[in-house]
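> Structure below; questions to follow.
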Amino acid sequence: MEILVSGSRGLVGAALVPALESGGHRVRRLVREGGEGNDCIVWQPEAGRIEREKLAGIDAVIHLAGEPITGRWTAAKKQRIRQSRIAGTRLLAETLAQLSPRPRVFLCASAIGYYGDRADTWLDEDSALGTGFLAEVCRDWEAAADPARVAGIRVATMRLGVVLSRHGGALGAMLLPFRLGFGGRVGTGQQWWSWISIEDVVGGIQHALTAETLSGPVNLVAPQPVTNTEFTHALGRVLRRPAILPAPAALLRLALGEMADGLLLSSARVRPARLLASGYQFRQSELTPALRVLLEIQD
Ligand SMILES: NC(=O)c1ccc[n+]([C@@H]2O[C@H](COP(=O)([O-])OP(=O)(O)OC[C@H]3O[C@@H](n4cnc5c(N)ncnc54)[C@H](OP(=O)(O)O)[C@@H]3O)[C@@H](O)[C@H]2O)c1
């Protein structure tokens, strides 16, 4: 397939693109700047600009781009988180809808932030929208893909959980403090973290490219979520370090502002119902073995 990928240099994109290429696909990258050659297509999502003429012949689109959600959520940062996703998704969806022939599939990233903070309730793709900033962003981000859907393109909005990779993201940020023995639970530790290994993010997206039954929301999380306390203990055990220094919620709120509640303290116990129903087989279903593989640590 000829596949267009936005956000190709991010945590997910950097793992996905080589996997697609070694699977025999040809990848074109949608970049804001710094890309050269025929395989790079330049866009400025918020200005509504995209090199349309270079999009001919595309079979599939995987849209990952958006302002990183880590960092202090100032009003300006929140505006960038929101606008980069909504403007980018709408521009892509409208552009794809006008192509002839149109691509067959549009896979658009979203997040389990859609469900908000939901204590111990099991959540699947039919669960209701939550409340809060991230839930509203996810709702509008997914809706921005509608022009592609209306044009008859198969659209799946991939609600990613906490992506585990040693190259960055949540696990990448936790490694140094844990290795130094400063690891511990976050807040009460009772909040559910629906994690997924980077291997299954890549595998799940590749599966969704050809799984014709998959459209609409698709949770991209491992089948066995854990509480933050369980996560902390598993990481401490795998690294053979104590993990007993809790990070109190009040301190996190002081250091990180609203992001602490939106990301670290929020609880979402999410099931990958549609991915499993469509026949996807997870490479990593359980956290401890997944961490050993990710961190290349022997038993
Ligand atoms: N990682 C996770 O745990 C996680 C969890 C839930 C949801 N997600 C979502 O999944 C997608 C991919 O995640 P990721 O971890 O790979 O993200 P990432 O590492 O933050 O990379 C996202 C990419 O977005 C582009 N980008 C950055 N700022 C932008 C802006 N202001 N406007 C437009 N594009 C911008 C960059 O691509 P270029 O420089 O190539 O343009 C960047 O490589 C994101 O939308 C993210 O919100 C991730």
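> Tell me, what is a quarter of the convex hull surface for the C-alpha atoms of the range 2-295, in nm² with one decimal?
Details: hull surface 58.1 nm².
Projected area, direction-averaged: 14.5 nm².
> Sticking with this one: Where q = 0.20, 0.22 Å⁻¹, what log10 of I(q)/I(0) comes from the Debye formula for the range 15-56, counting one point per Cα?
The Cα Debye sum returns log10 ratios of -0.68, -0.77.
> While we're here: Report ³J(HN,Hα) in whole Hz for each residue of the range 51-61, in order, from the Karplus equation J = 6.51 cos²θ - 1.76 cosθ + 1.60 where θ = phi - 60°; Gly and Pro get x.
7, 4, 5, 8, 8, 4, x, 7, 8, 8, 10
> Let me have the relative contact order for the chain, percent, based on Cα pairs under 8 Å that are six or more residues apart.
Computed value for the chain: 19 percent relative contact order.
> Sort Asp146, Asp117 by heavy-atom solvent-accessible area, probe 1.4 angstrom, most to least.
Asp117, Asp146
> Then there is this: Which net charge results for the neighbourhood of Met158, defined as the other residues with beta-carbon distances under 12 angstrom from its beta-carbon, given Lys and Arg at +1 and Asp and Glu at -1?
Local charge sum for Met158: -1.
> Let me ask something else about it. Give me the mean projected area, in nm² to one decimal, of the convex hull enclosing the Cα positions of the range 138-272. Write down the numbers at each step before the final one.
On the way: hull surface 36.0 nm².
Projected over every direction and averaged, the Cα hull of the range 138-272 covers 9.0 nm².
> Leaving out ligands, DNA and RNA but keeping every protein chain, what accessible area does His207 have, in Å² rounded to the nearest 10, with a 1.4 Å probe?
40
The values are calculated or read from the model by the stated rules, or taken from the named source; none is laboratory data. Since we're looking at a predicted model, the values are computed, not measured. Cβ coordinates were reconstructed from backbone atoms using ideal geometry, including for glycine residues, and neighbour counts include every protein chain displayed. All accessible areas refer to the heavy atoms of the entire protein, side chains included, with ligands and DNA or RNA removed. Shrake-Rupley method; radii C 1.70, N 1.55, O 1.52, S 1.80 Å.
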